[in-house]
1. Give the cross-link partners of K386 among the lysines, using a straight C-alpha distance below 21 Å as the criterion and excluding same-chain residues fewer than 8 apart.
2. Rounded, prolate or oblate, given the Cα gyration tensor of the stretch 339-443, with a/c below 1.5 counting as rounded?
3. Tell me whether the stretch 1-80 comes out rounded, prolate or oblate; compute the Cα gyration tensor, take square roots of the eigenvalues as a ≥ b ≥ c, and use a/c under 1.5 as the rounded threshold.
4. Does the stretch 323-364 come out rounded, prolate or oblate by the C-alpha gyration tensor, with a ≥ b ≥ c the root eigenvalues, rounded set by a/c under 1.5 and, if not, prolate when a/b is larger than b/c and oblate if not?
5. Taking neighbour counts of Cβ atoms within 10 Å as a proxy for exposure, in what order, fewest first, do V181, V258 appear?
6. Efficiency by 1/(1 + (r/R0)^6): what FRET value for R434 and T338, r their Cβ-Cβ distance, R0 = 45 Å, to the nearest 0.05?
7. Enumerate the lysines that K17 could reach by cross-link, defined here as Cα to Cα under 27 Å, with residues fewer than 8 away along the same chain left out.
8. At a Förster radius of 35 Å, what calculated FRET efficiency corresponds to the Cβ-Cβ distance of N415 and S8, to the nearest 0.05?
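Just so it is clear, none of the values below were taken in a lab; they were calculated from the coordinates. Predicted model, so just to flag it, every value in this text is computed and none were measured. A quick note on method: Cβ atoms are made from the backbone with ideal geometry, for glycine too, and the neighbour counts reach across all protein chains shown.
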Amino acid sequence: MPYYKFKSNEVYHNTLKTYPSIKFVVYSGSAHYNDNPSFRGSFADPIIPQKPGQVSLYEMNVDRSSSDTGRFIGPAVLSEPGDTPEIPGIPDNGLIFSFVSKNGSRLGFRSSATDVSWNAALYGTPLYGNYPYTSSISKEFYSPTTPRSASNPIYVSATNMTGAVSHLLALKNTINHYGYVSPEFAYSSSARDFNEVEIGLVNIPTIFYGSSIKKGTVDLKYYITGTLLAQAKDKNKNGLLMCTYGTSSVSGSTVGLVLYDEGILILTSSMELSSVSADAYTSSAGLSTPRWTYFAQSLSGSVLGTVGPDLGPGPDPTAGLITATSASFIMEMSGTSTTQTLTMFANAQKGQLNQSNNPTFLQYSTNNYASTGSKAYIENDKLQIKNVVSSSYPDPTGSFEKTTYISKVGVYDENKNLIAIAKVATPVKKTVERDFTFKIKLDI
């Protein structure tokens, strides 16, 4: 088998940039991503253990159900040799899970172990987490009286840590950084202070949009009982959300900001979109008129409330469910995804690659064997190459022409280790007078 070295003009490195579309429909406390349906599996319903508005990082436990098998995974942990196992191992419930063993590295899972439980566990104890790891958009609502920061302790241990800030206040420097784009990008100004006004914050994880949200593609629609009430877009591609449809008092005004690289929508307009109070968007205000700060408000099921002892400002667990059954929301945009690609051109020149070691390359004969003896091994050197020139007869009588068929192209490293195989859909006929160039693309 011949080897050919790629020349400098036969290998190219490229960056492929794509803009995948993103669509979220928010209604009655649930988000639906790109209209993905939910399917029932043979053992689990739904077949993928996630909500329609979520994506799974590893897509583990597809069509698997949890059930006690009575078995344990991993070795038992003994306090002393010969003792009864204090920890029999990880219970096997038929699901895939992630795990680590307690050791001096202090590695553990944030969702399954606290510092107290970690310190109390014996060394060698298996610590495990549960799949799937999912992600979805979230909504936070800040009323004028919602605290943006807190001074009460949020973590008490050997080293005391105090203080907390909300997600909105944590974005202060980022918002001010974009002040060169527009005066609207100011956390505090003579016209407005984000610490004292009503704000809606929509967070979009990077798994949905890649490296950044494509400018000019953000499109928000606000519906009441299925009728479009208002629409906002970043039509000027500068991060300002402009109301393009709605009442005359709101249409044409700036209703929010888009942080493209951070995946954050900050809704700042509290002007009424309608005089009809059809839904309760917060737990304390009763029925309220729709406004842009309430966009996707039903998603979290609660509003930002008191400062918790562990997490700082966050959803108030006593706020109750706020589903806003009359309102529905659609959020559309495009993400930015970059993929590095390697393009290689493999050339099959004229007069080359016209020999094959495949047995079918030779004409069949009863003498297609080798003679062996105590002193010699002799192969038949009179074998003829099979003539495969096209003919209307069973036995081709056309002029003989060496013909091979290329079905695969192997790519090797500098040590002649096979690292990739490119296959063609249909074997390519190669004759002495033909030359071909195979274009091979590989994502890296």
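1. Cα-Cα hits under 21 Å: K350, K402, K429, K430.
2. Values: a/c = 3.06, a/b = 1.52, b/c = 2.02.
Note, shape of the stretch 339-443 comes out oblate.
3. Values: a/c = 2.86, a/b = 1.32, b/c = 2.17.
Oblate, because a/c is 1.5 or more while a/b does not exceed b/c.
4. Working: a/c = 8.36, a/b = 3.21, b/c = 2.60.
Here the stretch 323-364 falls in the prolate category.
5. Values: V181 13, V258 26.
In increasing order of surrounding Cβ atoms, one gets V181, V258.
6. Details: r = 38 Å, r/R0 = 0.84.
Calculated transfer efficiency: 0.75.
7. Of all the lysines, those that pass the test against K17 - Cα under 27 Å, at least 8 places apart if same chain - are K7, K214, K215, K233, K235, K237, K423, K439, K441.
8. Numbers: r = 20 Å, r/R0 = 0.57.
In this case the efficiency is close to 0.95.
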